[in-house]
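The values are calculated or read from the model by the stated rules, or taken from the named source; none is laboratory data. Bear in mind the structure is a predicted one, so any value in this text is a computation, not a measurement. We place every Cβ from the backbone using ideal geometry, glycine too, and count neighbours over all the protein chains shown. Please note that ligands, DNA and RNA were not included when accessible areas were found on the heavy atoms of the full protein model with its side chains. Shrake-Rupley method; radii C 1.70, N 1.55, O 1.52, S 1.80 Å.
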Amino acid sequence: MRRALVLLAAALAACSEPPPPRPNVLLITIDTLRADRLGCYGNADWGASPSPRIDALAAQGVQFSSLFAPRGQTHPSLAAMLTGKYPITTGLRENGLDLLPHHRTLLQRLASAGWRTGAFVANFGLDDEGDAWVFRGADARGDGYQGRFRQEAGAREARFQRAWDERVESAALDFLKRQDGARPFAAWVHFYDVHRPYNPPPGFDRYGHADGLPEVLRAPGADDGPALDAHIDGITLSDRPGPDAELRRILGLYDGSVTATDERVGRLLDALEASGLAGNTVVILSADHGEELFDRNRYFYHGN
């Protein structure tokens, strides 16, 4: 009888304890980020890792050794990530297609369960009806274009990719700073500037410099994206050898944007720490897809 009473008392005590708080979720995705260009996946080309903040995050948690995108395009791959369904199931198999409303996203599910939600996505537009599926379920929303897609995309995109990332970073930081712990939050932040053309933001062109490089590879600026693309396309479409120094420089330009984006990730993580909510937040970092970078058939990009 005494044993039964002791067990009953223990059960009542357990019932009186408050349930553990529901975790916050911070999902960070980086467009066109190839895993092995991160230090935590083995990139030691430059003497120091191009991604110290992401490396530190990986060291604190679980790091996947294998992860495959279902499609080498942004829209189908992000839709698969957000719904847990393959593109053949959702019907969103190409960029520009819609995600039908009965395919619920992660943010929709978390919002309906009581999470505060936010979506901050650099290369989608809140004013574009075709992009609306990306922001479903988000209480707070931020995009990179901010109504300027016609002025900033297309041939001039290379100049504005950094600005798109700055805008969504600012909106995401504001969202994180407003969280008080009363309700769990779920935020998704998607950066874009690692994407072609490989002209890193000012201050981040640090890797792969060498004598004798073609002029277009020496110090590409904000307006040199079309020339960079044309030069790299020329390598793919010609039979001329790709000199090691030239290929290393192209990797260096790509990695410069990786470093710039790594710093953006670091500022999000710093804001999470400053809020006092980091200890109860699951941070997930991934990409929509990788990049070819001359590994197969002289190809550099990802669309094919």
Test: residue in segment 27-34 that is closer than 27 Å to residue 175 by Cβ, of a type in the set (S, T, N, Q), crowded, with 18+ Cβ neighbours inside 10 Å and touching a residue at least 24 places away in the same chain (Cβ under 8 Å): yes
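Here is a yes/no grid of residues against (1) at pLDDT 95 or above; (2) open to solvent by 20 Å² or more (accessible area, probe 1.4 Å):
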position	(1), (2)
116	yes, yes
123	yes, no
126	yes, yes
134	yes, no
151	no, yes
156	no, yes
Residue count, segment 277-296 (criterion: free of Cβ contacts under 8 Å to residues at least 12 places away in the same chain and open to solvent by 50 Å² or more (accessible area, probe 1.4 Å)): 3
Segment 154-197, residues that are in a loop (DSSP other than H, G, I, E, B) and in contact with a Gly (Cβ under 9 Å, 6 or more places away or on another chain): 181, 183, 184, 192, 196, 197
Residue list for segment 183-239, restricted to those being of a type in the set (A, V, I, L, M, F, W, C), over 26 Å from residue 29 (Cα atoms) and surrounded by fewer than 20 Cβ atoms within 10 Å (Cβ to Cβ): 210, 213, 216, 219, 227, 230, 235, 237
Qualifying residue in segment 83-91 (condition: loosely packed, with under 15 Cβ neighbours inside 10 Å, on the phi < 0 side of the Ramachandran plot, touching a strand residue (DSSP E or B) at 6+ places or on another chain (Cβ under 8 Å) and not acidic (Asp, Glu)): no
Candidates 244, 180 - the one that is open to solvent by 40 Å² or more (accessible area, probe 1.4 Å), out of contact with any strand residue (DSSP E or B) (no Cβ under 8 Å at 6 or more places or on another chain) and within 30 Å of residue 281 (Cα to Cα): 180
